[in-house]
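Bear in mind that the values in this text are calculations on the coordinates, not laboratory data. This is a predicted model, so every value here is computed, not measured. No Cβ is skipped: glycine too gets one built from the backbone with ideal geometry, and neighbour counts run over all protein chains shown.
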Amino acid sequence: VDTNLYFLALTFFVAAFHLLFDFLAFKNDISFWKQKKSMVGMSSKAVLWRCFSTIVIFLYLFDEQTSLLVLVPAGIGSIIEVWKVKKAFKIHVFWKGGRPTFLVGGKLPQLMFRKVHQKCSPDVFFRYCSKML
């Protein structure tokens with residue numbers, strides 16, 4: 001199959017820019033969460049939901065044998081989301097004899113942090129999202 005050279009070059013540059021922007025988004029996300037000391041103004045349910053949805057998307061892409069150009073950033077994003085859940089819920093993992101032991105620090109995560117009055121609470125958001133599904 002003969003492919004136009006310009007189309008091939010355009011595809012290469014779009015893929016390169018996409019990978020660059022993925023990397024920059026990962027970098028900014030990690031730096032934001034590294035500086036975050038509390039969950040003030042953030043929803044623990046939203047963090048869990050985002051982690052769950054990115055893992056499901058990654059597993060679907062893996063099952064469909066998607067190109068590594070798409071699969072690798074999705075996998076890195078899933079790992080970052082799991083790390084964010086670990087940081088948000090203050091979960092510590094200790095390895096004892098090859099088996100992990102999980103320790104959740106303090107009280108329940110939603111009671112751990114002072115809540116900020118929000119115009120639209122996460123509970124309302126998830127209720128409307130579940131109705132749409």
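Per the Kirkwood formula on distinct C-alpha pairs, the Rh of segment 1-89 is how many angstrom?
About 15.0 Å, per the Kirkwood formula over Cα pairs.
With θ taken as phi - 60° and the coefficients 6.51, -1.76 and 1.60, list the Karplus ³J(HN,Hα) couplings across segment 12-27 in order, rounded to whole Hz; mark glycine and proline as x.
Running phi through 6.51 cos²θ - 1.76 cosθ + 1.60 with θ = phi - 60° gives 4, 5, 5, 5, 5, 5, 5, 5, 4, 5, 4, 4, 5, 5, 4, 4 Hz.
If the only charges are +1 at each Lys and Arg Cβ and -1 at each Asp and Glu Cβ, what is the size of the charge dipole of segment 1-77 around the Cα centre, to the nearest 20 debye?
Dipole size: approximately 660 debye.
Report the relative contact order of segment 1-89, percent, no decimals, based on alpha-carbon pairs under 8 angstrom and at least 6 residues apart.
37
At a 10 angstrom cut-off on C-beta neighbours, averaged per residue, how do the peptides 74-84, 6-16 rank from highest to lowest?
Those peptides, ordered most packed to least, come out 74-84, 6-16.
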